[in-house]
Amino acid sequence: MFSRLSALIATLVVAASLVVAPAHAQDAASAPVAEQTAAAPAANDNPYGLMNLIKNGHAVDQAVLVLLLIMSAGSWFITFTKLYDQYKVGKDISDARAAFFKKPTLADGVKALREGTAARYIAQTAVEAGEHHEGNLTENIDRNTWVTMNIDRAVGDVSSKMGSGLGFLATVGSTSPFIGLFGTVWGILNALTAIGVAGQASIDKGAGPVGAALIMTAIGLAVAVPAVIGYNWLLNRNKAVLAQVRAFAGDLHGVLMGSRQVKR
């Protein structure tokens, strides 16, 4: 009886050891995996990247980044805004040429044009100049010259409005590389300072500031290139749209000169 009980206890001990041993082995095997998983984000966290520069960079580096970001956002905003304005002016001039000159009178033609458009502004200015050619000073100018002056002035106003904002694009395109270069110089200066304080030219002391310097250069170029392309593109489109505006103004001038009496 006692021998059977001893054999049963021994069997239970062996079975328990077989069950517990794999669990300990699994825990021991999973421990390095957990350590590797916890260490993976730290290994993937690049100490020389852009995010590290944003979080831990010097105040000067962050100020340069903010300035370049503002310049880039302004460039894209002006580019899309000017594209829409050019499309709107071109469409207004096309609609005006189709509707204005088919009306029986100049007054009807002006009323047919939409309020706030470039065509309405030019036509109304020209008609008013033709109707109100009086005064001690303006009487010394013949009607043809007076109307021409007012039409040219109205076309110039439209041209100035269409060209607004292009100066900002030109400024961004010409200055953002130098701002990025300033960030580069500042980063190299920090690298040399770190090497001087450490007393030895080690990679870990200079890699971070030099990496930040190269990032500044890349961002400066990334801001400048779209601004320059947008400026040249919008400038050429402005010339095409203004050619349509001047053609409409020329036709309007001819109509006014052929009508000696302008009726509303």
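We did not get these values from a lab; they are worked out from the coordinates using the rules stated. Because the structure is predicted, anything quoted here is derived from the model rather than measured. Virtual Cβ from ideal backbone geometry, glycine too; neighbours counted across all protein chains shown.
Annotations for the structure displayed:
- In nm, spacing of pseudo-spin labels at A170 and K88 (7 Å Cα→C-beta vector): 2.4 nm
- Taking Lys and Arg as +1 and Asp and Glu as -1, the other residues whose beta-carbon sits under 12 Å from that of I151 total -2.
- The count of lysine pairs in the range 50-258 whose Cα atoms are under 20 Å apart, excluding pairs fewer than 8 places apart on the same chain, comes to 15.
- Net charge of Cβ neighbours under 13 Å - reference A112; Lys, Arg +1; Asp, Glu -1: +2
- For the range 89-134, applying the loop criterion from DSSP together with a ceiling of 11 other beta carbons within 10 Å to the GluC sites (Glu not before Pro) yields E115, E134.
- Karplus-based coupling profile of the range 154-159, in residue order and whole Hz: 5, 5, x, 5, 5, 5, with θ = phi - 60° in 6.51 cos²θ - 1.76 cosθ + 1.60 and x standing for Gly or Pro.
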